[in-house]
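Here's the structure, in C-alpha cells; my notes come after.
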Amino acid sequence: MDRPPPARPLSLPTALCAAAISLPALLAWNLPPSSTFLNQATALVGWGVFAMSLSARPDGRHAGRHSSGFWAVIAALAVLGAAALLAPWTSSLPSGLAFSSAGLLGAALAAVTVAARARQRGWGDPTFEAFCLALLLAGVFSLVIALIQYFAPNVPDGDWLARPGAGARVGGNLRQPNHLSSLLLWSLTAVVWLQAAWSRRHAGRPVVVNAFTALAMLAFTFGVVLTVSRTGAVCILLLALWGVIDKQLPRFTRVLLWLLPLFLVLFWMGITEWAAASQHAFAGNDQLHKGDLSSSRFGIWKNTLSLIAQHPWTGVGWGEFNFAWTLTPFPGRPVAFFDHTHNLPLQLAVEIGIPLAVLVMALVAVALVWAFNQARRQEGQERTTSVAALVMVLMIGIHSLLEYPLWYAYFLLPAAFAFGTALARPPEPDARSGPATRSPWLIAASAAVALAGIVAVWDYQRVVQIFAPDANAPPLEERIAAGQRSWFFAHHADYAAVTTALHPSAEMPGFARAPHYLLDARLMIAWSKALAEQGDLERARYVAARLKEFNHPLGTTFFAECDKPPANGPLPFQCTPPSTALTFEDFRKR
C-alpha cells in the first residue's frame with residue numbers, strides 16, 4: 001500500500017539547506033591563494049547550521065537501529081579519518097593539511113548521520129524535499145550563469161559571475177565544467193523526485209507539474225551539453241536507465257528519462273550547427289576528437305599503478321600522492337602537476353595501501369548493495385526517495401572515477417547527506433511514540449562543523465595578506481611570518497617564503513611543509529637551489545632531474561644555463577644527473 005503524500009518541507013531547514021547548497025555553488029568571489037576556499041568554507045558553515053537545525057528537532061518516534069549499510073559507510077569514513085589524523089606521524093604530511101582532511105571527513109560523517117536520523121524519525125520526506133528544492137535552486141541559478149558565460153562571455157566580471165574558462169566550456173561559478181555538470185545532474189534528479197512528490201500532493205493539477213518537470217529537465221540537459229562533460233553524458237545514460245527500471249515513477253517522468261539521451265544528442269548537434277553558423281566557439285567537437293581522450297588520465301593512472309606496485313601495503317601516505325609522484329622518476333610522464341590520481345579507488349590504494357583501500361571500497365560496496373536492496377523492497381514515495389538519493393550517490397561516484405569532486409566540501413557533504421538518506425530505514429507505519437528527544441552529541445558535532453568553517457575563514461586571512469595585501473599591510477617578510485603561524489594554511493606562507501628568497505637555503509624550514517601541498521616547477525627550482533646551497537648536491541640534482549621530466553617553461557629557463565657552460569669552473573649543479581639512486585622518501589623531513 002502506498003504511503004500518504006509527503007508532508008510539506010520544513011520551512012527553516014529548507015531555507016538553511018538552500019543556503020548550504022546554493023551559496024557555495026553561486027559564490028564567484030574568492031581571495032588568493034585558493035580559488036575555491038571561500039566556497040568550501042561556506043559549505044561547511046551552511047551544512048553545519050542546517051545539520052544543527054535537524055538535530056535539534058525533537059521527535060518522540062522510535063527510530064529503531066541503524067542499518068548495516070549505514071554502519072558500513074560510518075566505518076569507511078572512520079578508517080579514512082584515522083588515516084588522515086595519523087598522517088603527520090606515519091608520513092610527513094603537515095598537521096594543518098592532515099587535520100583539514102580529517103575535519104572534512106568528520107563533517108561528512110555528521111551529514112550521513114543527520115540524514116539517516118531524519119528519515120528514521122519519520123520526517124525524511126520533508127527533509128529530502130528541502131534538499132531537492134535547494135538543489136533545484138542551485139541548478140537554476142547556475143544554469144543562468146552558464147548561459148551568460150556561453151552566449152555573452154564578455155559580461156562576467158569575475159566577482160559576481162565567474163569568467164568562462166578556455167575552450168568555450170562553461171563552469172558556472174564553480175569554474176569547472178565537470179563540477180557544473182554534476183551539479184546540474186543532481187538538480188535534474190531532484191526534479192524527478194519533486195515531480196513524483198508533487199504529483200501525489202497535487203493530483204488535480206498534473207498539467208502544471210508535468211510542464212514544470214519537462215521544462216526543468218530539458219533546461220538542465222542543455223546545461224550539461226554546454227559543459228561538454230563526457231562524464232555528464234555517461235550519467236545521462238544512468239538517468240535513462242532509472243526510467244527504464246523503476247516502474248513506480250509517474251509514466252510522464254519515465255518517458256522523459258528515457259528520452260534524455262536523445263535530447264542530449266539533439267542539443268549537442270543543434271548547438272554545434274548554431275556555433276558554426278554564427279562563428280561562435282563550441283568545444284564539443286574538440287572534446288570528441290582529442291588526440292588523448294583521457295586528458296592525460298591514462299598516463300597518470302599508469303604512473304599510479306607503478307607507485308602502488310612499489311608501495312602496496314601502506315601506500316605513499318595520506319595526502320602524499322603529488323609529493324611521491326613528482327619525486328619519482330617517470331620519463332614520459334604527463335607534464336601537468338597532478339595533485340590527484342583522478343580516480344577514487346586508485347587514490348586510496350596509492351596513499352593508504354591496497355589492504356585499507358580494499359577494505360574501504362568493500363564497505364562502500366556493502367552500503368550500495370544494501371541501499372539498492374532496500375529501495376527494491378519499498379513502494380511509493382519511500383521508494384522514490386531511496387532511489388533518487390542512491391542515483392545521486394552513483395552519479396558522483398562515476399564522476400569520482402575520472403576526477404576528485406569529493407575532495408570539495410560542496411560535493412562531499414551533499415553526497416554524504418544523500419547516502420545517509422538512502423541507507424536509513426524508514427519508520428514503520430505503526431512505530432510507537434515516546435517522549436520528545438534530541439541528539440545532543442549530533443547537535444554538538446554539527447555546531448563544530450559550522451564553527452570549523454568560521455575559524456578556517458579567520459585563519460585563512462593570515463595568508464591572504466601575503467598574496468593580496470591591503471593598503472596598510474606590513475612588509476612581505478612580516479606578512480609571511482604571520483602566515484607561517486596559521487593553523488591550517490601555513491604551507492602557503494612557506495611557499496611564498498621559499499620562492500621569493502634570494503637564497504632559498506635561508507628558508508630551509510619552509511620546505512618541510514610547502515612541497516606536501518603541491519610540488520610545482522617554481523617550488524622545485526627553489527628546493528633544488530636550497531639543497532645545492534647547503535652542499536647537498538645529490539638531492540639537488542635529483543629534484544632538478546624530476547623537474548626536467550615536466551618540460552615546464554620555468555624548467556627550460558632553469559636548464560638554459562647548461563647550454564652555455566662556463567669557461568672556467570664546474571657546470572651548474574642542475575646540468576649533472578644524480579649518481580645516487582634516491583626516492584621520494586629521501587626528501588621527507590628527518
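Within the stretch 227-253, the set of residues being closer than 21 Å to ASN373 by Cα and without any contact (Cβ under 8 Å) to a residue 12 or more places away in the chain comprises LEU241, ILE245, LYS247. In the stretch 366-484, counting only helices (runs of 4 or more DSSP H) that sit wholly within it, the ones holding 2 or more residues that are under 23 Å from the mean Cα position of the chain (by Cα), modelled with pLDDT of 95 or more and hydrophobic (A, V, I, L, M, F, W, C) span 380-400, 409-423, 440-467.
For the stretch 491-513, the candidate set comprises residues that are in a loop (DSSP other than H, G, I, E, B) and in contact (Cβ under 8 Å) with a residue 12 or more places away in the chain; within that set, the residue that is surrounded by the fewest Cβ atoms within 10 Å (Cβ to Cβ) is HIS503. If you go through the stretch 320-354 and pick out every residue that is more than 28 Å from LEU390 (Cα to Cα), buried (at least 21 other Cβ atoms within 10 Å of the Cβ) and in contact with an Asp or Glu (Cβ under 7 Å, 6 or more places away or on another chain), you end up with 2. Scanning the stretch 27-48 for residues that are crowded, with 21+ Cβ neighbours inside 10 Å and either in a loop (DSSP other than H, G, I, E, B) or among the aliphatic types (A, V, I, L, M) (or both) yields ALA41, ALA43, LEU44, VAL45. Mind listing whichever residues of the stretch 355-386 are surrounded by 20 or more Cβ atoms within 10 Å (Cβ to Cβ) and either outside the structural domain of PHE131 (by TED's automatic domain parsing) or polar (S, T, N, Q) (or both)? Matches in the stretch 355-386: GLN374, GLN381, THR384, THR385, SER386. Do we have VAL112 as of a type outside the set (S, T, N, Q) and buried (at least 21 other Cβ atoms within 10 Å of the Cβ) here? So VAL112 fits the description; yes. Residue pairs whose Cβ atoms lie under 9 Å apart, separated by 6 or more positions or on different chains, with the first residue in the stretch 547-575 and not assigned by TED's automatic domain parsing to the domain that holds LEU327 and the second of a type in the set (Phe, Trp, Tyr) and outside any helix (DSSP H, G or I), are GLU549/PHE330; PHE550/PHE337; HIS552/PHE337.
The values are calculated or read from the model by the stated rules, or taken from the named source; none is laboratory data. What you are looking at is a predicted structure, and each value in this text was computed from that prediction instead of being measured. Backbone-built Cβ (ideal geometry, glycine too); neighbour counts: all protein chains shown.
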